[in-house]
Amino acid sequence: MAHYLVEAANEMIGTMSKTLEPGSQELTQVLVVGCKTLQLLNKDDGFRSDLLRAARVEKEQSTLRDSIIADLNHFSIGFLQVEQKVLLASGVSKVAASYLVKRALELRTASHGKFGRLDPREVEEALRKLASVACHVATQLDAASKEKKAWDRPYKQALGVTLGVGGAVVIFVDVSATAATVGMTAAGVAVSSVVGGALVTKGVEQLES
């Protein structure tokens, strides 16, 4: 298991959740962690294999996936409860697990129960873009700090990168052996796959908002 991914999500989400308005120092730290984590992830062949496996399961279970997502009660009371158990069993903190479940429900509500398919290439491209932004902004902030220059709070960048890392965690943990031990079915993995992909995509959208 890629512990670095889970550990990064715990730290980043924990920082973003401490207050409604994280300071520049906290946001910079989130971006630094995000930069290092996404650089590792984009070179991680194991994650790429997990992503492809998730896409295969999602395709095979497409009918049940759509049924679960369309039914708000099934999605929120059934699927998300199991999803939270999977996250916790995989080492995700209570704060981070709650955050990801909340974001998943927000995405489901905003989409009116309609998610697109999981596209591994699209997810990989989004993660590369998030890595590039995280590293660039973190470098600029470090330089500005050393030169004592003013810099706008990079809130939307930090939030976007955090969502991207969180989405990758959702995909990763739900194709792990741990998922099946706490009751995650193949149909549940299919739902998690599109939810994780949607979180990553939402991260990129956040950068452009």
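Condition check ((1) in contact with a strand residue (DSSP E or B) (Cβ under 8 Å, 6 or more places away or on another chain); (2) under 15 Å from LEU100 (Cβ atoms); (3) surrounded by 24 or more Cβ atoms within 10 Å (Cβ to Cβ); (4) not small (Gly, Ala, Ser)) across all residues:
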site	(1), (2), (3), (4)
ALA158	no, no, yes, no
VAL161	no, yes, yes, yes
GLY164	no, yes, yes, no
VAL173	no, yes, yes, yes
GLY183	no, no, no, no
ALA187	no, no, no, no
SER192	no, yes, yes, no
LEU199	no, yes, yes, yes
SER209	no, no, no, no
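Okay, residues lined up against (1) closer than 18 Å to LEU163 by Cα; (2) small (Gly, Ala, Ser):
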{"position": "LEU41", "(1), (2)": "yes, no"}
{"position": "ASP45", "(1), (2)": "no, no"}
{"position": "SER49", "(1), (2)": "no, yes"}
{"position": "ARG53", "(1), (2)": "no, no"}
{"position": "LEU107", "(1), (2)": "yes, no"}
{"position": "GLY116", "(1), (2)": "yes, yes"}
{"position": "PRO120", "(1), (2)": "yes, no"}
{"position": "ALA126", "(1), (2)": "yes, yes"}
How many residues does region 19-43 hold that are surrounded by fewer than 15 Cβ atoms within 10 Å (Cβ to Cβ) and either touching a Cys at 6+ places or on another chain (Cβ under 9 Å) or within 16 Å of LYS156 (Cα to Cα) (or both)? 5
Residues PHE115, PHE79: which one is over 21 Å from THR178 (Cβ atoms) and touching a residue at least 24 places away in the same chain (Cβ under 8 Å)? PHE115
Quick one: how many residues across region 69-94 are surrounded by fewer than 20 Cβ atoms within 10 Å (Cβ to Cβ) and either touching a Phe, Trp or Tyr at 6+ places or on another chain (Cβ under 6 Å) or charged (D, E, K, R) (or both)? 3
Taking the stated definitions as given, is LYS43 under 14 Å from the mean Cα position of the chain (by Cα) and over 16 Å from VAL200 (Cβ atoms)? no
Would you please list the contacts, defined by Cβ atoms under 8 Å and residues six or more apart or on different chains, that run from a residue in region 25-46 that is farther than 13 Å from GLU11 by Cα to a residue that is assigned to a helix (DSSP H, G or I) and among the hydroxyl-bearing types (Ser, Thr, Tyr)? LEU40/TYR4
With respect to ASP50, determine if the residue is surrounded by 15 or more Cβ atoms within 10 Å (Cβ to Cβ), in contact (Cβ under 8 Å) with a residue 12 or more places away in the chain and closer than 30 Å to GLN140 by Cα. no
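Okay, residues lined up against (1) buried (at least 18 other Cβ atoms within 10 Å of the Cβ); (2) among the aromatic types (Phe, Trp, Tyr); (3) modelled with pLDDT under 95:
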site	(1), (2), (3)
SER62	no, no, yes
ALA96	yes, no, no
VAL101	yes, no, no
SER111	no, no, yes
PHE115	yes, yes, yes
Please return the ranges of helices (runs of 4 or more DSSP H) entirely within region 91-209 where 2 or more residues are among the charged types (D, E, K, R). 94-110, 120-146, 155-174, 186-207
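The values are calculated or read from the model by the stated rules, or taken from the named source; none is laboratory data. A quick note: this is a predicted structure, and the numbers were derived from the prediction, not measured. Here Cβ is always computed from backbone atoms with ideal geometry, including for glycine, and neighbour counts include all displayed protein chains.
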